Amino acid sequence: MRKPLDRLKLLPWRSLFQAAFVAVVLLALPVDVLLLLASRYAAQSPALESLLSLLLSPLLSLIISLGLPIGLGALAVYVLERIDRSSISTGSLWGLVLCVFLLLLLEKGIILGAPGFSMTVLALIAVGVFWKGRSHWRSYRRW
């Protein structure tokens, strides 16, 4: 039986990081930048202030905070299917969760100045990855 770290070495890390990078740049970065700009300029525009207060209302904020990480994970799998479909397995899906987590943590640290990341977000990214990648699930032995 191989060692667990040997299995990690065999994952297609380049494809995983490329897919995670594209997903974070397409979804998380624009949302964070728009919210940051909207919060800075909300006092200058009443329409922007009302839109921001609507987005930050408790129910809509909950839906957005739950939906974005799931969508980010699903988008990462979609991009990975376009980059390297042949190497997708259960192990590579877990590696994709790790890559998205690391790049999102880096993006939050650069844009917001402090990492704003929770285990709930990590779990929701995993839900999105495995929800979209359910056709690629294989037995644990192939991992």
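Given the protein chains as shown and a 1.4 Å probe, how many square angstrom of Trp137 are accessible, to the nearest 10?
140 Å²
Top mean-square fluctuation among Ser87, Ser15, Ser61, Gaussian network model of the chain, C-alpha springs under 10 Å?
It is Ser61.
If packing is taken as the average number of other Cβ atoms within 10 Å across a peptide's residues, how do 37-43, 21-27 rank, most packed first?
So the peptides 37-43, 21-27, ranked by packing, come out 21-27, 37-43.
Multiply the residue gap between Val33 and Leu60 by 0.36 nm, knock off their C-alpha separation, and tell me the result in nm, one decimal place.
Using 0.36 nm per residue and subtracting the Cα-Cα distance, I get 7.8 nm.
Take the solvent-accessible surface of the protein heavy atoms, probe 1.4 Å, and return the percent of it on the range 1-111 that carbon and sulfur atoms account for. Mind dumping the intermediate values first?
On the way: 4750 of 6590 Å².
Within the range 1-111, the accessible surface is 72 percent carbon and sulfur.
Return one number: the angle in degrees, 0 to 90 and rounded to the nearest 10, between the long axis of the Cα atoms of helix 90-111 and the longest principal axis of the Cα atoms of the chain.
With rounding to tens, the tilt is 30 degrees.
Only Cα pairs under 8 Å and at least 6 apart count here; give the relative contact order of the range 13-89 as a rounded whole percent.
Relative contact order, the range 13-89: 50 percent.
How do Ile125, Ile111, Ile63 rank by accessible surface area computed with a 1.4 Å probe, from largest to smallest?
Ile63, Ile111, Ile125
Report, ordered by chain and residue number, the aspartates and glutamates lying within cross-link reach of Lys108, taken as a straight Cα distance under 15 Å and ignoring same-chain residues fewer than 8 apart.
Qualifying aspartates and glutamates at Cα under 15 Å: Asp32.
I want the local charge near Val31. Using Cβ-Cβ distances under 13 Å, sum +1 for each Lys or Arg and -1 for each Asp or Glu among the other residues.
After counting each charged neighbour, the total is -1.
Would you calculate the volume per residue, in Å³, of the smallest convex hull containing every Cα atom of the chain?
Cα-based convex hull of the chain, divided per residue, equals 116 Å³.
With r defined as the distance between the Cβ atoms of Ile111 and Ser87 and R0 fixed at 41 Å, what FRET efficiency is calculated, to the nearest 0.05?
Values: r = 31 Å, r/R0 = 0.74.
About 0.85, to the nearest 0.05.
The values are calculated or read from the model by the stated rules, or taken from the named source; none is laboratory data. Treat the numbers as computed from the prediction; the structure is a model and nothing was measured. Reconstructed Cβ throughout: ideal geometry from the backbone, glycine too, with neighbour counts over all protein chains shown. When the accessible area is computed, the model is the full protein with side chains, heavy atoms only, and any ligands, DNA or RNA have been set aside. Shrake-Rupley method; radii C 1.70, N 1.55, O 1.52, S 1.80 Å.
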